[in-house]
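These notes are about the structure you will find just below.
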Amino acid sequence: MRKDVVKILPLGGQAEMGKSMYCIEIKEQIFILDAGFRFPEISKLGVDIIIPSFDYLKENAQKVVAIIITHGHDDVMAALPYLLEAVNAPIYAPALTADLIDQMMRRHKKHNNFKAHYQLIRVKRNDSIDIAGVPIEFFPVTHSIPGSVGVALWTKDGYIVYSGEFIVDFGAPEGFRCDIQKMMEIGKKGVLALLCESSYSRNSGYTSPKHKLTEKIDNIFEDSEGRIIISSYAQNIFRTKEIVELTKKYKRKIVFYGRDKYDSTNSIVRIGQRLKKAIIQVPKELIAFSTDIGKKSVDNNLVVLLSGTPQRIYHDISDIIDGGDEYLKLNKNDTFIVASPVIPGTEKIANKAINELYKTDSKIHVLKNKELYSMHASQEDIKVIIQIFNPTYFVPIKGEYQHFISNMDVARNMDIPSENIAIIDNGEFLTFKNGKLEDYRDTIEVEDVMIDGIGVGDVGDKVIDDRIQLSNDGVVIIGITIDSKTHEIIANTDVQSRGFVYLRDSEHIIKGIIDIAEKCTEQMKNDPTLEAVEVRQEIKDKSSKFINKETGKRPVILPIIIEV
């Protein structure tokens with residue numbers, strides 16, 4: 001490969017929500033931008049998270065010179081422990097993000113037998129550094145967690161700019177503010193390609209101020225006479241800060257009730273205690289604890305911030321409603337604000353929890369997605385970033401395909417020619433030679449890697465299919481005992497089922513299954529070369545056809561042959 005070739009390869013984040021991971025190849029060196037996970041679809045039964053495939057990076061491990069993490073959200077950094085087992089490269093991250101990475105690594109070492117060593121290099125949000133001979137610029141952006149950055153990597157034909165996740169909000173508090181001046185300096189030097197987030201590109205106007213919680217709940221705080229309970233995603237620290245400010249305004253006390261001690265709200269409050277100037281400043285006299293909940297002297301004046309992950313927070317709400325929470329029980333004087341809009345993959349549990357909330361005597365306020373935006377770039381935000389960087393090429397990233405089309409339309413409206421806008425899939429290379437985008441596109445196969453407990457990639461589609469089959473039609477277990485020498489059946493064949501049919505009322509089905517199993521097994525007596533595994537498969541196939549014919553169901557069939 002010649003030194004003037006630049007490649008862009010997404011391994012995650014394209015045509016999906018989350019799992020962001022982008023590789024930029026400059027001077028035959030690979031820079032990895034972000035390494036996150038996403039939550040599985042409802043159909044992926046038992047799967048905890050999904051991460052990118054690292055096969056390409058394993059094959060080219062000697063080329064990887066840096067991993068750059070733009071902010072402290074799981075969808076951009078939580079695949080790091082798995083990546084580091086495949087690739088040994090230094091991690092560059094802003095200070096707060098680095099603290100969260102350190103915490104994540106310690107937790108992973110404790111629970112997942114993680115042994116890889118890593119080098120974590122803290123950078124300032126507006127740093128200019130050199131990595132392996134390539135000038136790198138960081139620029140602060142406004143997102144829902146403080147310390148967020150975008151990244152620009154220099155090539156001889158101009159910068160490759162990675163927007164990160166951002167909005168335009170010039171009134172953002174310190175720690176969340178963007179640096180337009182730094183962006184303009186990058187833009188003046190020339191931008192070859194802008195990789196710009198897309199997930200909110202169908203929304204007209206600016207995201208700000210629709211992302212702000214305060215104006216939507218200020219009157220609720222003012223009118224509430226009893227305790228206020230408010231749910232908010234732990235990783236939206238901007239929203240946490242707003243809740244803290246309202247607590248101060250109405251002279252209440254706040255309980256940080258993140259039931260997971262590792263959630264971002266709890267972590268950042270703890271990290272803040274070590275800093276000269278905390279991101280979230282809460283006077284000690286305004287902090288209460290879970291043990292204060294229910295005490296007559298303070299209970300009515302509490303704000304209980306129920307924080308958690310999108311996957312856990314509605315389970316926690318359901319626990320509270322059902323009385324399964326140790327401290328928090330709902331009563332008629334409570335005001336419950338749901339400020340955690342439903343995200344894809346959580347609809348079922350969220351709707352159940354919200355319906356159950358309305359059955360309680362508490363005053364319920366539910367903020368819908370249209371009322372409370374996440375802090376992602378809408379159309380006018382994207383136009384601002386295009387105007388600042390003035391890129392030659394525009395690459396929509398981070399979102400579903402429909403979002404890429406909307407983002408492409410925004411870029412066209414900003415006079416970027418259609419031929420200079422590239423929509424790409426995971427595993428597809430964009431190749432630039434001498435500052436020109438090549439027409440051809442190489443591709444590599446990138447499959448989702450499913451994490452189930454501590455198992456990495458050992459759950460495939462076949463396992464998922466079996467789980468779906470189990471959840472739909474149950475399981476039938478057939479036990480046959482034979483003599484190890486003669487292969488004769490020496491005990492009654494046993495049939496058990498779970499989640500299938502009540503077999504006592506289906507004696508003909510039991511008899512049919514037993515007949516099939518015994519006939520198949522008797523073949524071993526006449527044919528010594530016949531292996532038990534072959535017989536089990538035949539029992540499985542024939543029993544499945546019989547059961548489907550009799551009941552219309554397809555349970556998982558588990559034949560067991562015991563030799564004694």
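Structure summary
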read-out	value
Criterion violated by residue 90 - all others in (1) within 18 Å of the chain's Cα centre (by Cα); (2) more than 30 Å from residue 208 (Cβ to Cβ) satisfied	(1)
Residues satisfying the stated conditions in the stretch 88-103, i.e. buried (at least 18 other Cβ atoms within 10 Å of the Cβ) and either in contact with a Pro (Cβ under 7 Å, 6 or more places away or on another chain) or under 19 Å from residue 64 (Cα atoms) (or both)	89, 91, 92, 93, 96
Selected residue (only one of 383, 370 is without any contact (Cβ under 8 Å) to a residue 12 or more places away in the chain and surrounded by fewer than 21 Cβ atoms within 10 Å (Cβ to Cβ))	370
Within the stretch 513-536, considering residues that are touching a residue at least 12 places away in the same chain (Cβ under 8 Å) and within 47 Å of the chain's Cα centre (by Cα), the one farthest from residue 488 (Cα to Cα)	513
Residues (small (Gly, Ala, Ser) and surrounded by 21 or more Cβ atoms within 10 Å (Cβ to Cβ)) located in the stretch 200-217	201
Number of positions in the stretch 405-421 that are without any contact (Cβ under 8 Å) to a residue 12 or more places away in the chain and polar (S, T, N, Q)	1
The lone exception for residue 402 - which of (1) touching a residue at least 60 places away in the same chain (Cβ under 8 Å); (2) within 19 Å of residue 386 (Cβ to Cβ) it fails	(2)
Count of residues meeting criterion [of a type outside the set (A, V, I, L, M, F, W, C) and either in a helix (DSSP H, G or I) or within 21 Å of the chain's Cα centre (by Cα) (or both)] in the stretch 352-366	4
Check on residue 208, small (Gly, Ala, Ser) and under 29 Å from residue 97 (Cα atoms)	yes
Cβ-Cβ under 6 Å pairs, at least 6 apart or on other chains, the stretch 118-143 side closer than 11 Å to residue 66 by Cα, far side modelled with pLDDT under 95 and crowded, with 18+ Cβ neighbours inside 10 Å	120/98
Filter result for residue 352 (over 22 Å from residue 223 (Cα atoms) and without any contact (Cβ under 8 Å) to a residue 12 or more places away in the chain)	no
Restricting the stretch 7-23 to residues that are farther than 17 Å from residue 93 by Cα, buried (at least 22 other Cβ atoms within 10 Å of the Cβ) and not small (Gly, Ala, Ser), the residue that is nearest to the chain's Cα centre (by Cα)	19
Among (1) over 30 Å from residue 169 (Cβ atoms); (2) crowded, with 22+ Cβ neighbours inside 10 Å - the single one residue 132 does not satisfy	(2)
Any helices (runs of 4 or more DSSP H) falling wholly within the stretch 367-474 and containing at least 1 residues that are at pLDDT 90 or above and outside the structural domain of residue 553 (by TED's automatic domain parsing)	379-389, 401-413
Among (1) more than 22 Å from residue 305 (Cβ to Cβ); (2) surrounded by fewer than 21 Cβ atoms within 10 Å (Cβ to Cβ); (3) in contact (Cβ under 8 Å) with a residue 60 or more places away in the chain, the one test that residue 220 misses	(1)
Considering residues of the stretch 204-217 that are touching a residue at least 40 places away in the same chain (Cβ under 8 Å) and in a helix (DSSP H, G or I) only, the residue farthest from residue 328 (Cα to Cα)	216
Number of the condition not met by residue 48 [criteria: (1) at pLDDT below 95; (2) closer than 22 Å to residue 24 by Cβ; (3) within 19 Å of the chain's Cα centre (by Cα)]	(2)
Verdict on residue 4 being at pLDDT below 95 and surrounded by fewer than 19 Cβ atoms within 10 Å (Cβ to Cβ)	yes
Strands (runs of 3 or more DSSP E) within the stretch 93-162 that include 1 or more residues under 30 Å from residue 435 (Cβ atoms) and under 21 Å from the mean Cα position of the chain (by Cα)	149-155, 158-162
Within the stretch 517-564, tally of residues that are part of a helix (DSSP H, G or I), within 24 Å of residue 507 (Cβ to Cβ) and either of a type in the set (A, V, I, L, M) or outside the structural domain of residue 499 (by TED's automatic domain parsing) (or both)	3
The one condition in (1) under 19 Å from the mean Cα position of the chain (by Cα); (2) under 18 Å from residue 9 (Cα atoms); (3) assigned to a helix (DSSP H, G or I); (4) not polar (S, T, N, Q) that residue 56 fails to fulfil	(1)
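The values are calculated or read from the model by the stated rules, or taken from the named source; none is laboratory data. Quick caveat: nothing in here was measured; it's all calculated off a predicted structure. Heads up, the Cβs are rebuilt from the backbone with ideal geometry, glycines too, and the neighbour counts pull from every protein chain shown.
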